[in-house]
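Step one of this worksheet: look at the structure below.
The values are calculated or read from the model by the stated rules, or taken from the named source; none is laboratory data. These figures come from a predicted structure and were not determined experimentally. Methodologically, a virtual Cβ is constructed for each residue, glycine included, from the backbone with ideal geometry; neighbour enumeration extends over all protein chains shown.
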Amino acid sequence: MTDFTSTPNRRKFTTDIKWNLYGKDVLPMWVADMDFRAPEPILNALRRQLDHGVYGYEWADKELLAAVAERMETLYGWKVKPQAVSAATGIVSGFSVAARAFCSPKRGVAIQTPVYNEFHEIKNNIGIPQVDIPFVKRINENILSYEMDWDLFEKRVKKAAIFLLCNPHNPLGIIFSRDDLARMAQICIKHNVIIVSDEIHSGLLLDNNPFTPMATLSREIERHTITLVSPSKTYNIPGLFCGFAVIPNRELRERYNAELNRLRLHVASPGLHAAKIAYSAQCDSWLDDLRRHLVENRDYLVEYVGKYMPDVRTTIPAATYLGWLDFTQTKIKGSPYKFFLKNAKVAVSEGKIFGAEGAGHVRINFGTSRRRLKEGLDKMRKALEALR
Ligand SMILES: Cc1ncc(COP(=O)(O)O)c(C=O)c1O
């Protein structure tokens with residue numbers, strides 16, 4: 001069993017963003033990385049490279065691209081050729097490349113809000129319109145869930161060139177069902193909208209929930225879809241910046257790769273070495289242990305909010321290590337993110353960065369030890385209690 005009770009001192013390196021952006025008195029529960037060491041097989045691969053001592057130019061070779069393709073078949077029975085896979089410096093790079101390749105100042109990107117803040121940056125970075133498709137928020141006692149408004153989805157998505165799907169969803173923790181995915185795809189195909197499916201969180205499944213990559217639903221959907229995958233979230237190696245696009249449709253692939261080549265987004269060699277191991281089966285038992293730990297942390301968070309934070313609402317994420325909390329019914333005036341930073345010395349993520357609907361909400365990262373999670377929640381609870 002992997003030990004997820006101990007977390008290394010991340011302030012040791014001043015380049016660590018999560019633990020250094022705020023003061024030393026602040027507990028960071030914001031940016032989406034975990035406080036754990038990466039699995040030993042990945043660390044060993046990096047050690048082997050270090051011991052070799054040569055840091056010459058490297059590339060995503062056939063063996064690596066085949067490893068990604070094989071992993072898709074092992075996990076989902078999805079047969080893709082290694083030629084359908086291309087590497088880039090992460091997933092933000094991947095969807096930015098897709099936006100540059102397929103969007104125009106007239107037809108841009110459609111996103112379902114609230115959603116990962118970087119999705120909102122594309123419009124300015126690339127100079128294209130953004131079409132927001134808000135989810136419908138549902139409340140049952142103190143539990144939040146989000147659904148799609150299908151009429152709105154069709155009305156809005158057809159204005160875009162690409163639909164950037166986040167599945168599993170950051171920050172809402174949704175895993176979309178096969179039926180929902182098929183319905184989204186049908187609408188996109190009808191209106192000639194390319195689907196870019198960001199599946200970076202697809203390894204972080206809680207409660208043994210199944211996951212269906214959009215492109216596996218049918219050959220027709222596969223032809224319209226660019227799938228983005230990466231080992232970075234699952235194995236806690238986002239700083240190595242290595243991600244992959246899987247594009248079985250040759251025409252889409254050629255357009256994507258032409259843009260990728262124009263931008264010269266070469267992955268640094270440690271990312272390549274780590275990915276090769278991540279896509280083998282060598283880290284599977286570590287991942288089983290991690291998922292168990294994350295389920296326990298998620299349950300702890302949901303129970304804690306229900307018991308000790310009256311008027312606060314929470315999602316029950318089906319995937320990811322990200323919780324989404326609603327403070328709109330509490331006595332907090334203004335941004336709860338600012339409130340907790342000042343009064344609890346806890347840094348969560350500001351809800352508004354995920355879209356206007358995020359006002360009054362925060363995202364909390366529970367990818368840490370139980371002790372740290374409890375410490376953060378205790379501090380937040382105390383600050384809330386002081387308002388009564
Ligand atoms: C949905 C989603 N996509 C992409 C990323 C970042 O990807 P990368 O670091 O590979 O660019 C994140 C990080 O939080 C994310 O949540």
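Numbers for the structure displayed
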{"item": "Test: residue in region 352-362 that is modelled with pLDDT of 95 or more, touching a Leu at 6+ places or on another chain (Cβ under 8 Å) and on the phi < 0 side of the Ramachandran plot", "result": "yes"}
{"item": "Qualifying residue in region 234-253 (condition: of a type in the set (Lys, Arg) and over 22 Å from residue 201 (Cα atoms))", "result": "yes"}
{"item": "Boolean, residue 22 is away from the ligand (no atom under 16 Å from the Cβ), closer than 25 Å to residue 323 by Cα, touching a residue at least 24 places away in the same chain (Cβ under 8 Å) and over 19 Å from the mean Cα position of the chain (by Cα)", "result": "yes"}
{"item": "When residues of region 185-204 are limited to those that are small (Gly, Ala, Ser) and within 17 Å of residue 98 (Cβ to Cβ), the one nearest to the ligand (Cβ to nearest atom)", "result": "197"}
{"item": "Among (1) under 30 Å from residue 179 (Cα atoms); (2) within 16 Å of the ligand (Cβ to nearest atom); (3) in contact (Cβ under 8 Å) with a residue 60 or more places away in the chain; (4) among the polar types (S, T, N, Q), the one test that residue 216 misses", "result": "(2)"}
{"item": "Candidate set: region 222-240, residues that are touching a strand residue (DSSP E or B) at 6+ places or on another chain (Cβ under 9 Å) and farther than 16 Å from residue 98 by Cβ; chosen: the one surrounded by the most Cβ atoms within 10 Å (Cβ to Cβ)", "result": "231"}
{"item": "Region 73-94 residues that are more than 26 Å from residue 118 (Cβ to Cβ), paired with ones that are assigned to a helix (DSSP H, G or I) and away from the ligand (no atom under 16 Å from the Cβ) (beta carbon under 7 Å, 6 or more apart)", "result": "79/73; 81/69; 82/62; 82/65; 82/66; 82/69"}
{"item": "Filter result for residue 347 (modelled with pLDDT of 95 or more, touching a Lys or Arg at 6+ places or on another chain (Cβ under 6 Å) and not β-branched (Val, Ile, Thr))", "result": "no"}
{"item": "Count of region 11-43 residues which are part of a helix (DSSP H, G or I) and either of a type in the set (A, V, I, L, M) or closer than 24 Å to residue 200 by Cβ (or both)", "result": "8"}
